[in-house]
Amino acid sequence: MRVVILDSTDAVSRFAADQVADVMHRSRNSGKSPVLGLATGGTPLGLYNELIQRYRDGSLSFADVRSFNLDEYVGLPPEHDQSYHYYMKESLFQHIDIRMENTAVPQTWQCDLSISALEYESKIKNAGGIDLQILGIGTDGHIGFNEVGSSLASRTRLKTLTRQTRSDNARYFTSIDDVPIAAITMGIATILEARAILLLATGANKAKAVAGCVEGAISSGLPASALQLHPNVTIVVDRAAASLLHHAEYYEDSERVRVKLQSPQ
Ligand code: GLP
């Protein structure tokens, strides 16, 4: 795992936008349209603003990009202001040149949920898989809505939300009773099939989950720890989210060495 510790949330967003731009560039260079895996929540908003700025200043186009979101609540229509369909439109899609027909968020409204989950998996496969999956992390270490106890071999499916997740996300709703009780989420195995993964975390409330993800034992008890099994993962965090990492000094040394080895001799 590459662990990048930065001084501010803005620096985290800029770093993440550079990674997205780089992956898009590489896909196009190999004659492929980029396929991005997208996340919701408060954490990626800075990244999305940065991508919007780069689109506006003409340095980045999304005209050929396909996207797949990690998850969607069950029980909210797509036009509900807390649905992830709505979030993506408001926070990113309507501000850039991506074609809406090339964006996908799991369908959960008035449909058969198990068929919807299966179809989502095939859609990702038919697109040739995901080049870069963006992730946030829950305070308990969940990724997407793969709650504590999720099988590390899980695929896109219906998942009941934990009380912790519902209480963390209650800030976006009028009351906790309005927070949906379930979601469709890409599974952990689905996420691990992405060719590269970029997990963003900011703030002291994520420090424990980040430490478990990077330095803890691989366990369904902290679903993000499964990322240790993937050969191309970057964890980018601010200092607060990095505060419980035992080997922070080593990660910072590694970044310095990386810069040194990449600069012309
Ligand atoms: C939800 C989402 C996750 C997200 C997490 C943390 O549970 N399903 O994808 O990572 O919230 O969100 P935030 O970035 O707001 O802390």
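Two-decimal Rg/Rh of the chain from alpha-carbon positions, Kirkwood Rh?
The Rg/Rh ratio comes out at 0.95.
I'd like the distance separating the alpha-carbon centroids of region 121-147 and region 71-115, in whole Å.
15 Å
Percent antiparallel among DSSP beta bridges with both residues in region 2-262, to the nearest 5?
25 percent
Ignoring ligands, DNA and RNA, what accessible area per residue does region 6-145 give at 1.4 Å, in Å²?
43 Å²
Summing -39500 (n - 2.57) over the DSSP H runs of n ≥ 4 in the chain and dividing by its residue number, what mean residue ellipticity at 222 nm do you reach, to the nearest 500 deg cm²/dmol?
Computed mean residue ellipticity for the chain: -10500 deg cm²/dmol.
With the dipole of the chain worked out from charges on the C-beta (+1 for Lys and Arg, -1 for Asp and Glu) around the Cα centre, which of G128, G58, Q19 lies farthest toward the positive end?
G128
Just order 32-43, 182-193, 225-236, 163-174 by mean Cβ neighbour count inside 10 Å, highest at the front, would you? Numbers along the way, then the final one.
Details: 32-43: 20.7, 182-193: 23.1, 225-236: 18.4, 163-174: 14.1.
The densest-packed peptide leads the list: 182-193, 32-43, 225-236, 163-174.
Percent of accessible area on the chain owned by carbon and sulfur, 1.4 Å probe?
Carbon plus sulfur share of accessible area: 51 percent.
Which of the peptides 61-72, 91-102 is most tightly packed, and how do the rest follow, judged by the mean count of other Cβ atoms within 10 Å per residue?
Descending mean neighbour count gives 61-72, 91-102.
Where nothing but the Cβ of Lys and Arg (+1) and of Asp and Glu (-1) is charged, how large is the charge dipole of region 1-127 around its Cα centre, in debye to the nearest 20? Walk me through the numbers before you get to the answer.
Values: 12 positive and 17 negative charges, 110 e Å.
Using only the charged Cβ atoms, the result is roughly 520 debye.
State to the nearest 20 debye the size of the charge dipole of the chain about its Cα centre, where the only charges are +1 on K and R beta carbons and -1 on D and E beta carbons.
Values: 25 positive and 30 negative charges, 114 e Å.
I would put it at about 540 debye.
Which number gives the lysine pairs in the chain that have C-alpha atoms under 26 Å apart and are eight or more places apart or on different chains?
10
The values are calculated or read from the model by the stated rules, or taken from the named source; none is laboratory data. If you're wondering where the values come from, they're calculated on a predicted model, not measured in any experiment. No Cβ is skipped: glycine too gets one built from the backbone with ideal geometry, and neighbour counts run over all protein chains shown. Quick note on the areas: whole protein, heavy atoms, side chains included, nothing else; ligands and nucleic acids left out. Shrake-Rupley method; radii C 1.70, N 1.55, O 1.52, S 1.80 Å.
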